[in-house]
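These notes are about the structure you will find just below.
The values are calculated or read from the model by the stated rules, or taken from the named source; none is laboratory data. The structure displayed is predicted, hence computed values, not measured ones. With ideal geometry, Cβ positions are generated from the backbone for all residues, glycine too; neighbour counts draw on all protein chains shown.
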Amino acid sequence: MNAEPASAIEEAALVARARQGDGDAFAALYRLHGRAIYALALRISGDPATAEDIVQDTFLKALQSLGGFRGDAPLRAWLKRMASNLAIDRLRAARPTLNLDDVQIDAAEPSTERRLDALGLLARLSPQARTVVWLHQMEGYSHPEIAALFGHTESWSKSILSRALARLRGWLEESP
């Protein structure tokens with residue numbers, strides 16, 4: 001799914017060609033960024049099939065919106081924002097209310113075993129909690145940005161994150 005990383009100039013040229021309807025250029029952009037978008041979608045959704053759907057929807061939307069891409073941020077960041085929004089929209093549609101007891105967290109650790117443990121723990125969290133944790137801890141979203149994505153307050157985002165991290169810590173302490 002991923003190709004060799006392109007320089008900013010090469011990527012800008014691909015974007016320009018894709019804007020003009022060059023399918024090969026758009027396919028190249030997909031090869032460059034598809035895997036990263038899938039990884040994000042999988043972390044948010046927790047389901048490979050849903051993640052694939054989010055990737056497809058992201059690139060379809062990108063194809064329709066490429067004319068609006070200003071280039072003041074990296075294309076991957078623009079695509080990730082789009083994928084995050086689509087994933088959150090799916091979460092809202094699937095589960096309109098949040099159970100505050102079902103909070104998730106991600107704690108990426110250096111060892112592979114600890115990373116697998118952390119990912120397993122993340123999977124135990126609710127989709128909304130997992131999403132808040134992933135967006136804040138791994139993607140660098142701020143609480144105001146997360147709150148806006150979910151249509152809640154900044155304090156809601158902070159509360160979800162805090163509870164999720166506490167729950168993850170508790171689960172880590174319980175494990176042998």
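Could you grab me the full set of residues in the stretch 23-61 that are in a helix (DSSP H, G or I), touching a residue at least 60 places away in the same chain (Cβ under 8 Å) and within 12 Å of Arg90 (Cβ to Cβ)?
If the condition is that a residue be in a helix (DSSP H, G or I), touching a residue at least 60 places away in the same chain (Cβ under 8 Å) and within 12 Å of Arg90 (Cβ to Cβ), then Ile44, Ser45 are the ones that fit.
Taking the stretch 46-65, which residues are closer than 15 Å to Leu29 by Cα and buried (at least 20 other Cβ atoms within 10 Å of the Cβ)?
If the condition is that a residue be closer than 15 Å to Leu29 by Cα and buried (at least 20 other Cβ atoms within 10 Å of the Cβ), then Val55, Thr58, Phe59, Ala62 are the ones that fit.
Among the candidates Glu10, Glu4, single out the residue that is at pLDDT below 95, of a type in the set (Asp, Glu), outside any helix (DSSP H, G or I) and surrounded by fewer than 16 Cβ atoms within 10 Å (Cβ to Cβ). Don't jump to the end; show me each part of the working.
On the way: Glu10 fails: outside any helix (DSSP H, G or I).
The match here is Glu4.
Residue-by-condition table, conditions (1) modelled with pLDDT of 85 or more; (2) among the hydroxyl-bearing types (Ser, Thr, Tyr); (3) in contact with a helix residue (DSSP H, G or I) (Cβ under 9 Å, 6 or more places away or on another chain):
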position: Leu40; (1), (2), (3): yes, no, yes
position: Ala51; (1), (2), (3): yes, no, yes
position: Thr58; (1), (2), (3): yes, yes, yes
position: Gly71; (1), (2), (3): no, no, yes
position: Asp102; (1), (2), (3): no, no, yes
position: Leu116; (1), (2), (3): no, no, no
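So which pairs qualify, if the first residue must be in the stretch 162-176 and on the phi > 0 side of the Ramachandran plot and at pLDDT below 80, the second must be part of a helix (DSSP H, G or I) and exposed (fewer than 15 other Cβ atoms within 10 Å of the Cβ), the Cβ gap must be under 8 Å, and the two must be at least 6 apart or on different chains?
Here the result reads none, with nothing in the stretch 162-176 linked to a residue that is part of a helix (DSSP H, G or I) and exposed (fewer than 15 other Cβ atoms within 10 Å of the Cβ).
Just one of the numbered conditions (1) surrounded by fewer than 13 Cβ atoms within 10 Å (Cβ to Cβ); (2) more than 14 Å from Arg92 (Cβ to Cβ); (3) of a type outside the set (Asp, Glu) is not true of Gly151; which one?
Going through the list (1) surrounded by fewer than 13 Cβ atoms within 10 Å (Cβ to Cβ); (2) more than 14 Å from Arg92 (Cβ to Cβ); (3) of a type outside the set (Asp, Glu), Gly151 breaks only (2).
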